Amino acid sequence: MKRIKSLISMFIALLLCLLSGCDDKELSAPNGAVAWADGSNIVLEWQASNGADFYRIYRKENGNEDYKFICDERSTEYIDSTAKADKNYSYKVTAVSGNRETEGCITDETVILSKNENADTVLYIPSISSVTKMDKYETVIIFSTDNNGCDYEIRRSKTVGGEYTLIGTTDESVYYDDTANGEAYYYTVTAVRGDKRSKASVPQKTGKNSQKVFRVPVLMYHEFVTQSDLDGGVAFDEYAVWQDEFESDLLWLKENGYTTVTTVQLKNCLEGKETMPEKPIILSIDDGKYGVYKNAYPLLKKYGMTATLSLIGYEIDNATKNPDARVSSAAPYCTWGEIAEMSESGTVEMISHTQSLHIYSHGNRCGANCADGESLESFLPTAQADFIKFNQNLKKATGLQTETLAYPYSKRSVTADRAWLISGYRILLGGDGDEERKTYMNYYVPAAGINSISAVTRRIPRMTGKPVKDYISEAVNHDA
């Protein structure tokens, strides 16, 4: 109870500081850090600092010269569950307030030998519980294990007694074989920790305890306009559609048995909290243009359907501060008041298009993607800060927060995915490329849950002049 009260107090202090600004307060470095091995984890504790919004933790292993960033923490305790057995670790903690981070005030280094009770014994052998053909490209292997801190090698063979070829490695308890291409294989899984290896699991063939599969097409809209809008100076940009085109889409979807769902529903389904309707579809809308409120929102209410709106935080801020300016704007945005109204109606789900990263080029980065070759440690603080700021603004306006991010310009990478998932997002909306998925629609095995693969969706851009039925037909034919 004492720890819970401490966490609550620190969170309130951080929130008040972020909302009101407190750059001038005194900031001291933390001290008294201690670290020790606890089973398969390392526990790190330190004394609180004056003026700290949060603490930044760095780690150095096996005598390396440089400490590497691993996370930010608001309490005075951190549990490192990523430490590997039989490696020496030392840590340092700095205090952060606003844009300031303590320099030179580093906690005493403590060398920890990471061990757990199984470090010097044979690793437990993984057990494959399911091998499911998810779509015409991918097969999903789900396995269980009692090991901690392991990677898992996946091998396959055409025959049970044949030669097994390594096809990939994962640190998750699920693996997606995207080269299966509908063929049946036998699979094995081996646990690896350092130089220790388990025996291979019992081979299991495609179809072993096959799980339920469902698919969700995701369309990507941007702006909705009328001739009156154009006469008033609103631009009909590359991704805009006419209001009556959108109405035709909604009518066709309803008449053909589709049910619009939100990313919250998708997340809940993958977490086993609810089930999908027979023919689900997500209507995603990027940016937060005023045409959504003026032209699309009334139609969604009229037909009892939902959409998912990804907001550029700073654009909504600007429109709210100066709503009169959009009268003469070629690209007007919604205000937070309009966002709140649509959210409260239950018709439009609000998600992030980032607070301040919707910029095509900033340094070597593009949108919410990291730069080519940029490390997770380098990009993670940017992702975490944007996640916090966007959700502060969204909660202030709507009372809600979001666990979904839509990538600006559809630019993403595996490293960026990891950073945003660590920051707190659970679903990531990508673009229309094979880097997201080889299929046009998104196929899911609920039993596999949310992981680094299932979190990413592929979206089909809805362009003017081409009705929704054509996109659905093309997707079905491509994926067949």
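The values are calculated or read from the model by the stated rules, or taken from the named source; none is laboratory data. Given the structure is predicted, the values throughout are model-derived calculations rather than measurements. FYI the Cβ positions are ideal-geometry reconstructions off the backbone, even for glycines, and counts take in every protein chain you see. What goes into the accessible areas is simple: the full protein's heavy atoms, side chains included, and nothing from ligands, DNA or RNA. Shrake-Rupley method; radii C 1.70, N 1.55, O 1.52, S 1.80 Å.
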On the phi < 0 side of the Ramachandran plot, outside any loop (DSSP other than H, G, I, E, B) and open to solvent by 70 Å² or more (accessible area, probe 1.4 Å), is that true of Thr159?
no
Just give me the residues in segment 319-348 being in a helix (DSSP H, G or I), polar (S, T, N, Q) and open to solvent by less than 50 Å² (accessible area, probe 1.4 Å), in sequence order.
Ser343
Specify the residue that is modelled with the highest pLDDT; the eligible residues are those in segment 60-94 that are surrounded by 15 or more Cβ atoms within 10 Å (Cβ to Cβ) and of a type in the set (A, V, I, L, M).
Val93
When you scan segment 41-59, do you find a residue that is open to solvent by 60 Å² or more (accessible area, probe 1.4 Å), modelled with pLDDT under 80 and either aliphatic (A, V, I, L, M) or out of contact with any strand residue (DSSP E or B) (no Cβ under 7 Å at 6 or more places or on another chain) (or both), even just one?
no
Name every residue in segment 122-149 that is farther than 28 Å from Thr439 by Cα and open to solvent by 10 Å² or more (accessible area, probe 1.4 Å), in order of residue number.
Val122, Tyr124, Ile125, Ser127, Thr145, Asp146, Asn147, Asn148, Gly149
On the basis of being outside any helix (DSSP H, G or I), of a type in the set (A, V, I, L, M) and open to solvent by less than 30 Å² (accessible area, probe 1.4 Å), does Ile316 make the cut?
no
Members of segment 234-280 that are β-branched (Val, Ile, Thr) and either in contact with a Ser or Thr (Cβ under 6 Å, 6 or more places away or on another chain) or at pLDDT below 95 (or both):
Val241, Thr260, Thr262, Thr263, Thr275
Sole miss for Gln392 among (1) crowded, with 20+ Cβ neighbours inside 10 Å; (2) out of contact with any strand residue (DSSP E or B) (no Cβ under 9 Å at 6 or more places or on another chain); (3) among the polar types (S, T, N, Q) is condition (1)
Yes or no: segment 12-28 includes at least one residue that is at pLDDT 85 or above, of a type outside the set (Gly, Ala, Ser) and surrounded by 14 or more Cβ atoms within 10 Å (Cβ to Cβ).
yes
Per the filter on segment 349-367, residues modelled with pLDDT of 95 or more, open to solvent by 10 Å² or more (accessible area, probe 1.4 Å) and not in a loop (DSSP other than H, G, I, E, B) are Glu349, Met350, Arg365, Cys366
Mind listing whichever residues of segment 248-268 are open to solvent by less than 10 Å² (accessible area, probe 1.4 Å) and part of a helix (DSSP H, G or I)?
Asp249, Leu250, Leu253, Thr263, Leu266
